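One structure is given below, encoded as structure tokens.
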Amino acid sequence: MISAVLAVALAVALLASAIAGTPALVAGQTDDGTGAALPGPPSDCVIPRSAIDLTETPTPTLSPTATAIADEASPDAAASDRSTPATTAETPAATVTPTVDPLTEELLSASTTITSCLTERNVETFTAITTDTYRGQQFGSDAPISAEVYAQLAPTLLALEYQIVELRDITAVDATTVTALVTYTVAYQQRTSVWTFMQERVDGLLAWVLANEEAAPARIPDGASSLDVAIQDDAYTVSAQTTEGLDVAFNLSNADGEDHEVLVLKLPIGTGTGVLLQNPGPTLPDGVAFIGQSTVPAGSDGVLLLANLPPGIYTIVCLLPDENGLPHLSSGMEATFTVN
């Protein structure tokens, strides 16, 4: 039975999630091939220890564009594979191994560990290398969430695959704190954020702890398609019904006087959006796959970047509540688009 304190925390988290439009508290995805996450290489949620003690060793000098690419499974790498013609056996391509400084390498390892823990839903390790502030952000809330409360709320999280694409632009904040620009994917959505890392003792040894995440402008891959989604009078207007290519950048604008979301889902064939209104609680019905989501505050603009989308028909809905507490979808706020 959930304690009174936990019940309050869960209610606050659910409310914050509804306001922010975060997909974090959505559950109910199936494993029957309709899931939103792309398969990726196996990775372990194991705390990487830091060999660099910033209190004793000066921070390595970094180029402003010091970059570490996660691996070939990233959407950016996949896009590169699609656009680069194969070389012949007679003229083999030259192999260039990029030089990555030790601090960048450690932060990339820490970032990969955090996303692996989220994918694997390993609460114990995840809470050991994240702060209360960042864990609150996972639930779309500005309120911090303790490790104990997070462990009890974690089962409500949707099972999605997280994957690091790129880490760059490391900046020292103080003797034990640095920031980095991190690009990563959640399901089919690609995000770029400034992550703040702090060097702390975890189980008696130095490790990098993720303290905070702040959204940054999206890094649009070369060759990505573009669609405009205008929101007005509780309705979407999409600039085109079809798009080409695997990467799609949505330019969002909300002319209404209230917040809306662009929640992209993949519905099973023959299933309409009415099933979303019949599903109680913060869940998705079986067979409905989360693709990506962005909240667009009243009178503002935004960008939603989806990467490696398979061909098919996708649905956009707004499940944020209206003044009567009903999802905007109930008044017909939905649209579709097709990826060829």
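Return yes when THR156 is surrounded by 18 or more Cβ atoms within 10 Å (Cβ to Cβ), of a type in the set (S, T, N, Q) and modelled with pLDDT of 95 or more and no when it is not. Spelling it out, it is not the case that THR156 is surrounded by 18 or more Cβ atoms within 10 Å (Cβ to Cβ), of a type in the set (S, T, N, Q) and modelled with pLDDT of 95 or more. Filtered by the rule that a residue be closer than 27 Å to PRO217 by Cβ and among the small types (Gly, Ala, Ser), the range 294-340 gives SER294, ALA298, GLY299, SER300, GLY302, ALA307, ALA335. The criterion of at least 3 residues that are touching a residue at least 24 places away in the same chain (Cβ under 8 Å) and outside the structural domain of SER294 (by TED's automatic domain parsing) is met, among strands (runs of 3 or more DSSP E) falling completely within the range 161-239, by 162-174, 177-186, 189-202, 205-215.
ALA151 - would you say it is surrounded by fewer than 18 Cβ atoms within 10 Å (Cβ to Cβ), of a type in the set (A, V, I, L, M, F, W, C) and modelled with pLDDT under 95? Judged against the criteria, ALA151 is not a match. Among residues of the range 303-340 being in a loop (DSSP other than H, G, I, E, B), of a type outside the set (A, V, I, L, M, F, W, C) and in contact with a Pro (Cβ under 7 Å, 6 or more places away or on another chain), the one that is farthest from THR183 (Cα to Cα) is ASN340. Going by what's in this entry, would GLY287 be described as of a type in the set (Gly, Ala, Ser), out of contact with any strand residue (DSSP E or B) (no Cβ under 7 Å at 6 or more places or on another chain) and at pLDDT below 95? Yes.
In this structure, ASP286 does not qualify as surrounded by 15 or more Cβ atoms within 10 Å (Cβ to Cβ) and either of a type in the set (Phe, Trp, Tyr) or more than 18 Å from ALA224 (Cβ to Cβ) (or both).
The values are calculated or read from the model by the stated rules, or taken from the named source; none is laboratory data. Just so we're clear, the structure is a prediction, and the values are computed from it rather than from any experiment. Heads up, the Cβs are rebuilt from the backbone with ideal geometry, glycines too, and the neighbour counts pull from every protein chain shown.
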